[in-house]
Amino acid sequence: MKLGEYGDTNMDLALRGLELRTLDPYLAGWRTRVAPALGHLPVRMITNGVIDRTVQNWIADDHSRSTVKNTIAVLVRVMEQTVRDGIIKINSAHVTGWQKLYKQAGDELLDPRSLALPDWETLVQLADALVAASHNQFRGWGDVVLFAACTAARIGEVSGCRVGDVDTTRWIWTVRRQTTPAPGGLTDKGTKGKRARKVPIIEEIHPLVAQRILSAGPAPDARLFTGTRRTHLHGRPARRNPLGRRRNRSRLRTPAPPRPTAHRPDMVRRRRSPDPHPATHR
């Protein structure tokens, strides 16, 4: 049996026990990378060398670390299922050292602050530009940008913020949960560190937070940030939609320092021609 056919047949077994949020990136990695690259090969012909060269090709195609990590993870799980079924004896998909093929930009290593927004006015300009580019110029998107930037919070944690989590006497936000996308909609889960933490709210956004609390109502469980009627919450899919077409997204980007190549010189020679339709999710 070929790997693609085997994976499609036994995917539920291979991915059992995973959180619902994890299924989407794993299945996307299987459909868009593993199946096209290895799906035509019989399972017993998937060797360490084949997988190693395939992973190097993914890196050479400028896929991000998280993308390659999720793709390898789903491949490992499918190959582990073939071991349990007695088709092969050793899982050859356990790849090590692949992250060393990525190089960090010098600015990030020596001066991380160089990648930050320079001042408050630039942050406000970014938030206003997002509102202007969004559907019906929804002001909530700008509030989310300001709140997330001033609290260094993840978008899921901002989505999960409730009125009862904010102490307006001491201006402290207790981060207890995050709201994340899952099959069928959005779901609440624990923070990434699996524990609550306290975040100070700086004076510049006190009026914004007070207004959001007033709009949300007195109920402690009311969400501080809600989206439009269509999106309900400021989840990851919701915040991506207002950016619209690629020309709108590129207009909101701030210049970033040039990054060095993410692969070795020998991989450059083997690199395929660039994709005429590059992904725009980044």
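Since every read-out is calculated from the coordinates, none of them should be taken as a lab result. Small disclaimer: the values here were computed from a predicted structure and weren't measured. Every residue, glycine as well, gets a Cβ built from its backbone with ideal geometry; the counts of neighbours run over all protein chains shown.
Values as computed for the structure displayed
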read-out	value
Förster radius 45 Å - calculated FRET efficiency between ILE87 and GLU204, Cβ distance, rounded to 0.05	0.15
Normalised alpha carbon radius of gyration of the stretch 1-123 [divisor 2.2 N^0.38 Å]	1.30
Shape of the stretch 28-68, Cα gyration tensor, a/c cut at 1.5	oblate
Quotient of Cα Rg and 2.2 N^0.38 Å for the stretch 44-180, N being how many residues it contains	1.55
Contour minus Cα-Cα distance for LYS194 and ARG31 (0.36 nm per residue)	55.6 nm
Mean-position separation - Cα centroids, the stretch 1-77 and the stretch 133-203, in angstrom	33 Å
Tensor-based shape of the stretch 133-228 (alpha-carbon gyration tensor, a/c under 1.5 rounded, otherwise prolate or oblate)	rounded
FRET E, pair LYS69, GLN211, Förster distance 45 Å, beta-carbon r, rounded to 0.05	0.70
Set LYS89/LYS192; LYS100/LYS198; LYS89/LYS189; LYS2/LYS69; LYS100/LYS192 screened for pairs whose C-alpha atoms are more than 28 Å apart	LYS89/LYS192; LYS100/LYS198; LYS89/LYS189
Using θ = phi - 60° and Karplus 6.51 cos²θ - 1.76 cosθ + 1.60, couplings along the stretch 189-196 (whole Hz; Gly, Pro as x)	8, x, 5, 5, x, 6, 8, 6
Equivalent ellipsoid dimensions for the stretch 162-213 as semi-axes, Å, which come from the Cα gyration tensor, largest first	24, 14, 8
Cα gyration tensor shape for the stretch 6-50, rounded if a/c is under 1.5, else prolate or oblate	prolate
